[in-house]
Structure formats: C-alpha cells, structure tokens
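The values are calculated or read from the model by the stated rules, or taken from the named source; none is laboratory data. Worth saying up front: this structure is predicted, and the values here are computed from it rather than measured. Neighbour counts run over all protein chains shown; Cβ positions are idealised from the backbone, glycine included. All accessible areas refer to the heavy atoms of the entire protein, side chains included, with ligands and DNA or RNA removed. Shrake-Rupley method; radii C 1.70, N 1.55, O 1.52, S 1.80 Å.
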Amino acid sequence: MFKAVLFDLDGVVTDTAEYHYLAWKELANDLGFTIDRDFNETLKGVSREESLRRVLEKGGLEGSFSPEELEGLAAKKNANYVEMIQGVSPDDVYPGILALLKELKLTDIRVGLASASKNGPFLIKQLQLSDYFDVIIDPSIIKQGKPAPDIFLAAAEGLGVSITSSIAIEDATAGIAAIQAAGALPIGVGAASVLGDAIAIVPETSQLSLDYLISVWNKNKRL
C-alpha cells in the first residue's frame with residue numbers, strides 16, 4: 001500500500017493558470033511582444049525562472065538582461081500574479097479534491113504539495129486546505145525544477161516516506177516526467193493525447209478518490 005500522495009497545485013488542486021497567463025502576457029506586452037494561450041501551455045509545471053527564460057526566448061530577448069534585471073522581471077510578473085490571486089477562495093478548489101483530502105486525512109497516508117509555485121503556501125491557505133497537507137515544499141530550495149525529479153524527492157523526504165511508496169498527481173507533461181524520474185507512481189489529470197497513454201489518467205479531478213488511487217496502485221502491482 002502506498003504511504004503518501006503528492007499533489008501538484010495548478011491544474012490539480014485549483015486552477016490559477018489563467019492568472020499566470022495574464023501576468024506573463026502583461027510582462028511580454030511591456031517588453032514589446034505578445035504571447036498566446038497555446039504558448040502559455042508550455043509554461044505549465046515549470047519554475048518561474050524557466051518560464052521567464054521561455055518567455056524571453058519567445059520574444060527574441062534571451063540573453064538581453066543581466067541577472068539582476070532578470071530577477072526584477074520575475075518579481076514584476078509575480079507581483080502582478082499575486083495581486084490577481086488575492087480573491088482565491090475555497091470555492092476555487094477543484095471538484096473532488098477536498099473529498100479526497102478528507103479521505104486521506106482519515107488514514108495513515110501522508111500528503112504533500114510538490115508545486116513549482118512559490119505562492120503555494122499562500123494559495124493553500126486561501127483555499128483553506130492547510131490542515132490537509134503535512135508538508136509543502138518550497139521550490140526555491142530545489143536545485144532543478146520539473147521535469148527534474150527534485151521536488152518530488154524532497155516531498156517524499158519531507159514526509160519521511162520512500163518515493164517508491166508514493167503516488168503523485170499532475171496535469172502537466174513536465175510534472176509527469178518528474179514523477180517518473182523520481183520513481184513515484186504517476187496519475188495524470190487531463191488528456192492522454194497530452195500526458196501519454198502509459199499512465200493512469202482521469203479527465204477531471206472529480207474522478208479522483210481513495211478507492212481509485214488504491215485501484216491504480218494495485219493494478220501497477222505496487223502492493
């Protein structure tokens with residue numbers, strides 16, 4: 001039986017992707033170019049710094065800024081984003097997630113947040129889910145962001161469990177790659193055409209439950 005469940009945040013627990021998109025779009029506009037929603041899909045699951053690199057590359061501006069200027073651009077984007085998410089509330093928790101967290105709370109299964117978002121603690125507090133998470137990993141202490149396995153390995157370590165005895169839930173290809181590299185059992189939220197057909201996938205979070213997680217675990221013969 002698995003010992004822990006590791007959650008991504010955006011696209012799994014709630015959806016702040018639209019706010020990220022609007023904040024990156026505003027920054028790009030300020031720099032003299034535009035990004036669209038299709039491009040924004042390539043930013044899902046990756047760190048703020050890597051997202052900034054991709055945005056600047058999109059605008060032909062990669063290498064145009066000093067480290068200090070890059071830090072300022074990232075801070076500017078984040079300030080816009082943080083202003084936008086002030087209104088996030090428990091109503092924004094994705095369907096089925098609170099019920100799943102309540103089920104896990106009644107077991108000995110540990111729960112961790114493995115999100116690239118540095119605003120994870122704030123958002124979890126806004127969603128009134130803090131009591132359900134045993135650990136929230138600070139991505140700023142992780143050497144390499146997704147698709148590297150570091151954040152999932154850190155979450156398992158923080159929970160005091162083996163990564164191979166953990167299930168991790170993600171909605172982005174970078175996150176799925178990170179889970180597989182770490183050695184946890186992945187469950188995807190979304191479409192097989194995006195996440196691949198080699199893993200368990202639910203189209204919506206409402207289909208996640210403790211029974212479902214157990215069935216996926218058993219089907220993968222991780223007994």
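In the stretch 15-32, what residues are modelled with pLDDT of 95 or more and either in a loop (DSSP other than H, G, I, E, B) or within 30 Å of Leu159 (Cα to Cα) (or both)? Within the stretch 15-32, Gly32 is the sole residue that qualifies.
If only one of Ala155, Ala79 is within 14 Å of the chain's Cα centre (by Cα) and assigned to a helix (DSSP H, G or I), which one is it? Of the residues listed, the single one that is within 14 Å of the chain's Cα centre (by Cα) and assigned to a helix (DSSP H, G or I) is Ala155. Contact annotation: residue pairs with Cβ atoms under 8 Å, 6 or more positions apart or on different chains, pairing a residue in the stretch 39-55 that is on the phi < 0 side of the Ramachandran plot with a partner that is among the hydroxyl-bearing types (Ser, Thr, Tyr) and crowded, with 21+ Cβ neighbours inside 10 Å, are Leu43/Ser51. Considering the stretch 155-176, and only residues there that are charged (D, E, K, R) and touching a residue at least 12 places away in the same chain (Cβ under 8 Å), the residue that is surrounded by the fewest Cβ atoms within 10 Å (Cβ to Cβ) turns out to be Asp171. Inside the stretch 33-69, can you point out the residues that are at pLDDT 95 or above and touching an Asp or Glu at 6+ places or on another chain (Cβ under 8 Å)? Result: Arg53, Leu56. Does Ser117 satisfy being assigned to a helix (DSSP H, G or I) and of a type in the set (Ser, Thr, Tyr)? Here the answer is no, as Ser117 does not meet what is asked. Is it true that some residue in the stretch 38-50 is more than 15 Å from Asn78 (Cβ to Cβ), open to solvent by less than 60 Å² (accessible area, probe 1.4 Å) and aliphatic (A, V, I, L, M)? Within the stretch 38-50 (the criterion being more than 15 Å from Asn78 (Cβ to Cβ), open to solvent by less than 60 Å² (accessible area, probe 1.4 Å) and aliphatic (A, V, I, L, M)), the answer is no, since none of the residues qualifies. Selection of first residues in the stretch 9-29 that are of a type in the set (D, E, K, R) and of second residues that are open to solvent by 10 Å² or more (accessible area, probe 1.4 Å) and assigned to a helix (DSSP H, G or I), restricted to Cβ pairs under 8 Å at least 6 apart or on distinct chains, gives the following pairs, ordered by first then second residue: Asp10/Ala17; Asp10/His20; Asp15/Asp92; Lys25/Asn40; Glu26/Asn80.
Residues in the stretch 92-108 that are open to solvent by 20 Å² or more (accessible area, probe 1.4 Å), at pLDDT 95 or above and farther than 26 Å from Glu50 by Cβ: 10 in all.
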